[in-house]
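Just so it is clear, none of the values below were taken in a lab; they were calculated from the coordinates. These numbers were taken from a predicted model, which means no experiment stands behind them. Every residue, glycine as well, gets a Cβ built from its backbone with ideal geometry; the counts of neighbours run over all protein chains shown.
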Amino acid sequence: MNAMDDGERGKGRIGVMGGTFDPIHYGHLFAAEFARAAIPLDRVVFVPSGSPPHKKYPSMAGAEDRYAMTSLAIRGNPFFEVSRIETDRRGPSYTVDTLSMFRGAMPGAALFLITGLDAALDIPNWYEPLEILSLCTVVVVARPGYVRDKINKLNEALGDSFVALDTELIDISATEIRNRALSGKCIRYMTPDVVCDYITQKKLYSGMEA
Ligand code: ATP
Ligand code: MG
């Protein structure tokens, strides 16, 4: 379903889950579902990045493959959808542009950007961070290895823009999945079977350093 063109959908509480999703995995899916239930949100839109400005490595899957894997992974959850907004955009994918487009398409909606703690702590280094924080509330999900207390400092500095959730820790990263695939190790149960099958069929992450 297209998140951008339905008048009825111009309102509500919308979660935006951005990421490279190279590949999408259970850490992402768990984070999105936890945030949806906790905030609560009417729906969560997954936004696979087109050309991420800060990430470059040889084995990166193309934007279409990452979009396809995201679509497959969210199937079956009626609250989840996927957007092509960054897949179709030329040039670098900036979160501020994506949020501005959502805001323009859904002026009455409250936007919640769902991020892991690692990404949340990095937001001050993103393009136009203050504009980002004026467009949304950042919902922060715990991530192994990152200390949540730092969010309080960000809130003190940036005016209570972050809501930290007490989530279980899911110690899965896409980097780990790519490295395992590269060395021929099993990735089953780190990401849905449909994504494992897609990676195998398309021979993603094989033969190139992650
Ligand atoms: P990579 O290892 O390539 O950086 P990743 O697993 O970190 O991949 P991203 O696409 O970079 O995945 O992350 C997208 C968003 O999902 C970020 O906000 C990130 O913090 C969050 N996220 C990723 N994995 C987890 C996890 N296991 N638990 C909670 N949040 C996560
Ligand atoms: Mg990451």
Check: If we scan the stretch 168-179, do we find a residue that is over 21 Å from Pro53 (Cβ atoms) and among the basic types (Lys, Arg)?
Finding: no
If we ask which residues in the stretch 194-210 are surrounded by fewer than 18 Cβ atoms within 10 Å (Cβ to Cβ), of a type in the set (Ser, Thr, Tyr) and assigned to a loop (DSSP other than H, G, I, E, B), their number turns out to be 1
With the first residue restricted to the stretch 164-186 and required to be within 25 Å of Pro40 (Cα to Cα), and the second required to be among the charged types (D, E, K, R), Cβ contacts under 7 Å at 6 or more apart or on different chains are Ala164/Arg148
Query - Verdict on Tyr127 being in contact (Cβ under 8 Å) with a residue 24 or more places away in the chain, among the aromatic types (Phe, Trp, Tyr) and either over 29 Å from Met101 (Cα atoms) or in contact with a strand residue (DSSP E or B) (Cβ under 6 Å, 6 or more places away or on another chain) (or both) - result: no
Among the residues of the stretch 37-51, the number that are closer than 15 Å to Glu81 by Cα and out of contact with any Ser or Thr (no Cβ under 8 Å at 6 or more places or on another chain) is 4
Within the stretch 82-140, residues among the aliphatic types (A, V, I, L, M) and either more than 26 Å from Lys11 (Cβ to Cβ) or within 16 Å of ligand 2 (Cβ to nearest atom) (or both) come out as Leu113, Ile114, Leu117, Ala119, Ala120, Leu121, Ile123, Val138, Val140
Is it the case that the stretch 177-190 has a residue that's touching a Gly at 6+ places or on another chain (Cβ under 9 Å), more than 27 Å from Ser100 (Cβ to Cβ) and away from ligand 2 (no atom under 16 Å from the Cβ)?
-> yes
Restricting attention to the stretch 13-46, the residues that are of a type in the set (Gly, Ala, Ser), in a strand (DSSP E or B), within 11 Å of ligand 1 (Cβ to nearest atom) and in contact with a strand residue (DSSP E or B) (Cβ under 6 Å, 6 or more places away or on another chain) number exactly 1
Note: among Gly159, Gly145, Gly184, just one is more than 16 Å from ligand 1 (Cβ to nearest atom) and either over 20 Å from Ala110 (Cβ atoms) or of a type in the set (D, E, K, R) (or both), namely Gly184
Taking the stretch 53-81 and keeping residues in a loop (DSSP other than H, G, I, E, B), within 26 Å of Arg13 (Cβ to Cβ) and in contact (Cβ under 8 Å) with a residue 12 or more places away in the chain leaves Arg75, Asn77, Phe79
